[in-house]
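Accompanying notes for the structure given below.
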Amino acid sequence: MAIKVGEKIPSLELSYKGPDGIQSIKTDDIFKGKTVVMFSLPGAFTPTCSAKHLPGFVQNADKIKAKGVAQIVCTAVNDPFVMDAWGKDQKVGDKVFLLPDGSGKFAKALGMELDLAARGLGVRGQRYAMVVKDGVVKSLHLDAPGQFEVSSAENILKDL
């Protein structure tokens, strides 16, 4: 069952590649006591994700944060090394925190997994964007599989 507006982000521990190597982070620490914009995409280095979705949030990061957002988080079912390399390739810097979901446990806990095994891509995360305040989903913009329409940075800016 997919997470809905008004529900709390599940409490999990994930890993990312930081300056000192692989580090753990709890979802509670990401979302507690602040407003966060989180978006998910099917995968790093994929066409729409690399050409439109992530770049839109990088380009609009200052505008989004000016609306009271403490952090922008991008999650994908990729390992920490892939997400780190993609962040460097996309020149993300500190504008967006790339949160790897290597095993897809976060996507599954959110009810947002997307089975692309028939296309050779395994289980991924759906494409969406949400505004989360103090761990609770305040708005959710879920794109249909294969689409990129409502989860853009520009749409989130209108929502804020």
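Every number here is computed from the coordinates shown, using simple stated rules; none is lab data. Keep in mind it's a predicted model, so treat the numbers as computed, not measured. With ideal geometry, Cβ positions are generated from the backbone for all residues, glycine too; neighbour counts draw on all protein chains shown.
With a cap of 13 neighbouring Cβ atoms within 10 Å, and only residues DSSP puts in a loop, list the trypsin sites (Lys or Arg not before Pro) found in the stretch 67-133. List each step's numbers first, then the result.
Numbers: sites: Lys67, Lys88, Lys91, Lys95, Lys105, Lys108, Arg119, Arg124, Arg127, Lys133; in loops: Lys67, Lys91, Lys95, Arg127.
Qualifying residues, ordered by number: Lys67, Lys91.
Return the subset of Lys34/Lys95; Lys17/Lys133; Lys65/Lys108; Lys8/Lys133; Lys4/Lys138; Lys138/Lys158 for which the Cα-Cα distance in this structure is over 18 Å, preserving the input order. Kindly include the intermediate steps, with their values, before the conclusion.
Values: Lys34/Lys95 16 Å; Lys17/Lys133 25 Å; Lys65/Lys108 28 Å; Lys8/Lys133 9 Å; Lys4/Lys138 9 Å; Lys138/Lys158 14 Å.
Beyond 18 Å between Cα atoms: Lys17/Lys133; Lys65/Lys108.
Which label marks the calculated value of log10 I(q)/I(0) by the Debye sum over Cα atoms at q = 0.20 Å⁻¹, given the options [x] -1.68; [y] -1.32; [z] -1.45?
It is the value labelled [z].
For the stretch 12-72, give me the percentage of DSSP beta bridges that are antiparallel, rounded to the nearest 5 percent.
Details: 6 of 8 bridges.
The antiparallel proportion sits near 75 percent.
With runs of 4+ DSSP H residues as the only contributors, calculate the mean residue ellipticity of the chain at 222 nm using -39,500 (n - 2.57) per run, divided by the residue total and rounded to the nearest 500.
Numbers: 6 runs with 40 residues, N = 160.
Result for the chain: -6000 deg cm²/dmol, rounded to the nearest 500.
Of all DSSP beta bridges located in the chain, what percent are antiparallel, nearest 5? Present the calculation step by step, with values, prior to reporting the outcome.
Values: 22 of 31 bridges.
Percentage antiparallel, nearest 5: 70.
Suppose every K and R has +1 on its Cβ and every D and E has -1 on its Cβ; what is the size of the dipole of the chain about the Cα centre, in Debye to the nearest 20? Don't skip to the end; give the middle numbers.
On the way: 21 positive and 18 negative charges, 66 e Å.
Rounded to the nearest 20 debye, it is 320 debye.
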